[in-house]
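The values are calculated or read from the model by the stated rules, or taken from the named source; none is laboratory data. The structure presented is a predicted model; accordingly, all values stated were derived computationally and were not measured. Note: ideal-geometry Cβ built from the backbone for every residue, glycine included; neighbour counts use all protein chains shown.
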Amino acid sequence: MFDYKYLKKSDPAIWKAVMGEVKREEEGIEMIASENYVSRAVLETLGTTLTNKYSEGYPGKRYYGGQMFTDQVETLAIDRAKKLFGAEHVNVQPHSGAQANLAVYAALLEPGDTVLGMDLSHGGHLTHGHPVTLPAKVYRFVRYETEPDGTIDYRKLEALAKKEKPKLLLAGFSSYTRQLDYEQFAAIAKKVKAYSMMDMAHIAGLVAARAVPSPIPYFDVVTATTHKSLRGPRGGIILCREPLAKAIDKAVFPGTQGGPHMHVIAAKAVAFGEALRPSFRTYGKQILKNAKALEEMLRKLGFEIVFGKTENHMVLVDVMKSHGVTGKEGEALLDSIGITVNKNVIPDDPRGPTDPSGLRIGVPALTTRCMKEKEVKLIATLIDRTLRSKGNACELKGVAKELKALCRAFPVY
């Protein structure tokens, strides 16, 4: 499947790097919670001639001619997303989750308005107001935190909302492992007369699979990425109530983006079609089973589980406390034997974000490879052995050999 003969002839250096990535993905396991393996159909769609076409505007309202097929593609993507999530309106053009969030801010807020969102070290995301980002320079972000037991105290959140009077109450996360109470968020937003927004980038696939509750009925606006657990191409979408549709669409184009990437939108449509199949619901439920098996095995092996437990697709662990290595060291050690994870801050982390105390470990990609609880428990032991090896070459070589054998039994494609 992966010969890329035209690329090989035209640009051997890039071809070599691409083939290296093919081999890396086949011989190792992706356990970064925000990564997955797309289907062959999605891969094929990303390489179509739709990449040649400029399509500023929306179906039936384009600025350039020659849009008969791009309109079909985008309309299919919109209709499938509406059906998949039960949304009143969907914009499928955002290039990424960050672009989707930026567009929502632009649609609903004025410069200087207040947004109340989750603190990054307590599970939030950079685009939820971290000082290094553009939105933080335009809007005023206030952050809420989790409790020591890993939960959110909604009474404290309501008190903070009443004090700060946000125009937008933002739910959602990048490393938080517990289920949010959507009804409470919506009720608090209503009390302070704020818009309610959920960033479900990480759990979009779980929502589509009906494996976790859907935030769509509770929030004014919901953003998501289409890669991660949804198993589509890299990109974003915005789902909203009909009264906000015009403002959202205008904020995406021409507000924050130019021409949409039609080959990616076509691949999104393919992924939505795949997620509408009964097999995707089985997939989503297996993700939760695998994540719980990972949590339980890691706990048994002595890992400190941050937030107490997992109720979604990932586990956050404090490896500094449990194994005496930093997140950066742990990431490098695991990368050396073929397990890809990412270093991650933990609540009130005494270490900096470039070398934090935690590791974030996810299971969507290995679940795509049809691995189940038995394989997950084995992988947990390999992770433990790797981190305890302290870089011992002989031990790492043995672990890497076991991992390769496992990967051969569960090929990506």
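Please go through (1) out of contact with any Gly (no Cβ under 9 Å at 6 or more places or on another chain); (2) in contact (Cβ under 8 Å) with a residue 60 or more places away in the chain; (3) in a helix (DSSP H, G or I) for Arg80 and return the number of the only condition it doesn't satisfy.
That leaves (1) as the condition not met.
If Thr354 passes every condition in (1) among the polar types (S, T, N, Q); (2) at pLDDT below 95; (3) in contact with a helix residue (DSSP H, G or I) (Cβ under 6 Å, 6 or more places away or on another chain) but one, which one does it miss?
(3)
If Ala100 meets every condition in (1) hydrophobic (A, V, I, L, M, F, W, C); (2) buried (at least 19 other Cβ atoms within 10 Å of the Cβ); (3) in contact with a helix residue (DSSP H, G or I) (Cβ under 7 Å, 6 or more places away or on another chain) apart from one, which number is that one?
(3)
Specify the residue that is farthest from Thr368 (Cα to Cα); the eligible residues are those in the stretch 33-46 that are surrounded by fewer than 21 Cβ atoms within 10 Å (Cβ to Cβ) and of a type in the set (A, V, I, L, M).
It comes out as Leu46.
Would you check if there is a residue in the stretch 293-303 being touching a strand residue (DSSP E or B) at 6+ places or on another chain (Cβ under 9 Å), more than 18 Å from Ile29 (Cα to Cα) and at pLDDT 95 or above?
Taking every residue of the stretch 293-303 in turn, at least one turns out to be touching a strand residue (DSSP E or B) at 6+ places or on another chain (Cβ under 9 Å), more than 18 Å from Ile29 (Cα to Cα) and at pLDDT 95 or above.
Take the residues of the stretch 163-212 that are of a type in the set (D, E, K, R) and over 20 Å from the mean Cα position of the chain (by Cα): which is surrounded by the most Cβ atoms within 10 Å (Cβ to Cβ)?
If we filter the stretch 163-212 for residues that are of a type in the set (D, E, K, R), which is where we start, we get 163-165, 167, 178, 181, 183, 190-191, 193, 199, 210.
Going one step further and asking which of them are over 20 Å from the mean Cα position of the chain (by Cα), we end up with 163-165, 167, 183, 190-191, 193.
Details: Lys163: 11, Glu164: 17, Lys165: 13, Lys167: 20, Glu183: 13, Lys190: 11, Lys191: 12, Lys193: 9.
Step by step, filter the stretch 163-212, then rank; the result is Lys167.
Can you confirm whether Val18 is of a type in the set (Val, Ile, Thr), within 28 Å of Arg277 (Cβ to Cβ) and assigned to a helix (DSSP H, G or I)?
no
Output the residues belonging to the stretch 179-215 that are in a loop (DSSP other than H, G, I, E, B) and either of a type in the set (D, E, K, R) or farther than 20 Å from Thr310 by Cα (or both).
Of the residues in the stretch 179-215, the ones in a loop (DSSP other than H, G, I, E, B) are 179-181, 192-194, 200-203, 209-215.
Result: Asp181, Val192, Lys193, Ala194, Arg210.
Considering the stretch 383-412 alone, what residues qualify as being crowded, with 21+ Cβ neighbours inside 10 Å and under 23 Å from Ser175 (Cβ atoms)?
Ile383, Thr386, Leu387
Considering the stretch 21-44 alone, what residues qualify as being part of a loop (DSSP other than H, G, I, E, B), within 30 Å of Lys397 (Cβ to Cβ) and either small (Gly, Ala, Ser) or in contact with a helix residue (DSSP H, G or I) (Cβ under 7 Å, 6 or more places away or on another chain) (or both)?
Gly28, Met31, Ala33, Ser34, Glu35, Asn36, Tyr37
Can you confirm whether the stretch 291-298 contains a residue that is free of Cβ contacts under 8 Å to residues at least 60 places away in the same chain, basic (Lys, Arg) and in contact with a Ser or Thr (Cβ under 7 Å, 6 or more places away or on another chain)?
Yes.
Anything in the stretch 213-226 that is surrounded by fewer than 24 Cβ atoms within 10 Å (Cβ to Cβ) and of a type in the set (Gly, Ala, Ser)? List them, or say none.
Once the filter is applied, which keeps residues that are surrounded by fewer than 24 Cβ atoms within 10 Å (Cβ to Cβ) and of a type in the set (Gly, Ala, Ser), the stretch 213-226 yields only Ser214.
Using the structure shown, decide if Leu160 is free of Cβ contacts under 8 Å to residues at least 40 places away in the same chain and surrounded by fewer than 21 Cβ atoms within 10 Å (Cβ to Cβ).
Values: free of Cβ contacts under 8 Å to residues at least 40 places away in the same chain: no; surrounded by fewer than 21 Cβ atoms within 10 Å (Cβ to Cβ): yes.
Considered against the rule, which asks whether it is free of Cβ contacts under 8 Å to residues at least 40 places away in the same chain and surrounded by fewer than 21 Cβ atoms within 10 Å (Cβ to Cβ), Leu160 comes out as no.
Restricting to the stretch 47-66, give me the number of residues that are surrounded by 12 or more Cβ atoms within 10 Å (Cβ to Cβ) and either more than 11 Å from Pro260 (Cβ to Cβ) or at pLDDT below 95 (or both). Walk me through how you get there before you give the answer.
As a first pass, look at the stretch 47-66 and keep what is surrounded by 12 or more Cβ atoms within 10 Å (Cβ to Cβ): 48, 50-51, 53-59, 62-64.
Okay, now just the ones that are also either more than 11 Å from Pro260 (Cβ to Cβ) or at pLDDT below 95 (or both), so 48, 51, 63-64.
Summing the residues that are surrounded by 12 or more Cβ atoms within 10 Å (Cβ to Cβ) and either more than 11 Å from Pro260 (Cβ to Cβ) or at pLDDT below 95 (or both) in the stretch 47-66 gives 4.
Filtering the stretch 132-157 down to residues that are out of contact with any Phe, Trp or Tyr (no Cβ under 8 Å at 6 or more places or on another chain) and closer than 18 Å to Leu109 by Cα, which residue is surrounded by the fewest Cβ atoms within 10 Å (Cβ to Cβ)?
Filtering first and then ranking leaves Lys137.
In the stretch 97-128, what count of residues is obtained for those that are under 25 Å from Pro213 (Cβ atoms) and assigned to a loop (DSSP other than H, G, I, E, B)?
Summing the residues that are under 25 Å from Pro213 (Cβ atoms) and assigned to a loop (DSSP other than H, G, I, E, B) in the stretch 97-128 gives 4.
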